[in-house]
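Read-outs: derived from the displayed coordinates by stated rules, not from any lab. Bear in mind that the values here come from a model prediction, so they are computed numbers and not experimental data. Cβ: placed from backbone, ideal geometry, glycine included. Neighbour counts: every protein chain shown.
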Amino acid sequence: MILKQLKVGFMEVFCYLLGCEATGKAVVIDPAGDEKHIVETVHDSGLEIVGIVNTHGHPDHTCGNAKVTALTEAKIYMHSLDDRFFGSPEGRSMGQQMGFAPSPPADVTVEHGDTIPFGKKALEVIHTPGHTPGGICLLVEGNLFTGDTLFVGAVGRTDFPGGSLKTLLRSIKERILTLPDETVIWPGHDYGPKPFSTVAHERTHNPYLTDF
C-alpha cells in the first residue's frame, strides 16, 4: 500500500493519501487545505482519487472537501452522526465563523464496522465518539488513522459541542487499545514529539491513557 502523510492548511492538519498499487485507486483522509497540492501529489504517484474520508466533521478537517471533489469527482465519506450535525445550520455556522469553506454533504455515510474500498484494499471504519459524536478511526494493514481522537502523547479536545471526555476515553480504551501493540497510530495533528506512534507506545506513555 502506498501511504503519504502531508501537513496541510493553516491549522496544519495531517492529511493522508493511501493508494492501491495494483489498481491505482486512492483515498484521501481529511483534506484540510492545499487542495491542489494534495491532488497533484496523488496524480504524481500515478494514482486516481476515488474517495475522500473524513475522520470527523470539524471544519478544519473537512474544508478541502469541496475543492477536491471538484477536481476529482471523488465521493465523500463521513459517519452519519457528524454528517447530520455538521450539515445543520448550527454546524455550518461553526465553520463559517472560523473562516473555513463548508463541506458538501457526504455522498456515503458510514457506521462502525463498515468498509471503504479503494482498489483491492479497504479501510475499516471504527466509530470512536468523544471528540465529536461521529468521530471515526480508519484501519488498514496495521495502520490506524485516528484524526483528533488520539494524538501522539495526547487526546482530542472535548469542549466543542457534542464532545465528551468520558466518551472519548472509553472509545480509546475499548476500540484502540484493544488493537495489536504494533498497530501504527497516524494522528490528525503533529502535536507530539514525532508524527506517528504505536498502540503499545501510547498505552504505556500517553499521560491520558496510563491510568488504564
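A few comments on the model shown:
- Distance between the modelled labels on residue 124 and residue 23, one decimal in nanometres: 1.9 nm (7 Å Cα→Cβ projection).
- Pair residue 111, residue 1: separation of 7 Å Cα→Cβ label points (nm): 2.4 nm
- For the stretch 195-209, Karplus couplings with θ = phi - 60° (6.51, -1.76, 1.60), whole Hz, Gly/Pro x: x, 7, 8, 9, 4, 4, 5, 5, 4, 8, 10, 6, x, 6, 10
- ³J(HN,Hα) computed for each position of the stretch 19-27 - Karplus, 6.51 cos²θ - 1.76 cosθ + 1.60, integer Hz, glycine/proline x: x, 9, 5, 5, 10, x, 8, 9, 10
- Report summary: the helix-based calculation at 222 nm, which adds -39500 (n - 2.57) for every DSSP H run with n ≥ 4 and divides by the residues of the chain, gives -7000 deg cm²/dmol.
- Fully extending the segment from residue 210 to residue 166 would add 14.4 nm, taking 0.36 nm per residue of separation and subtracting the current Cα-Cα distance.
- Exceeding the 22 Å Cα-Cα cut-off - candidates 75/120; 4/75; 25/67: none
- Most mobile of 144, 177, 123 in a GNM of the chain (Cα contacts under 10 Å): 177
- Whole-number D in µm²/s for the stretch 2-205 (Stokes-Einstein; Kirkwood sum over Cα pairs; 20 °C, 1.002 mPa s): 129 µm²/s
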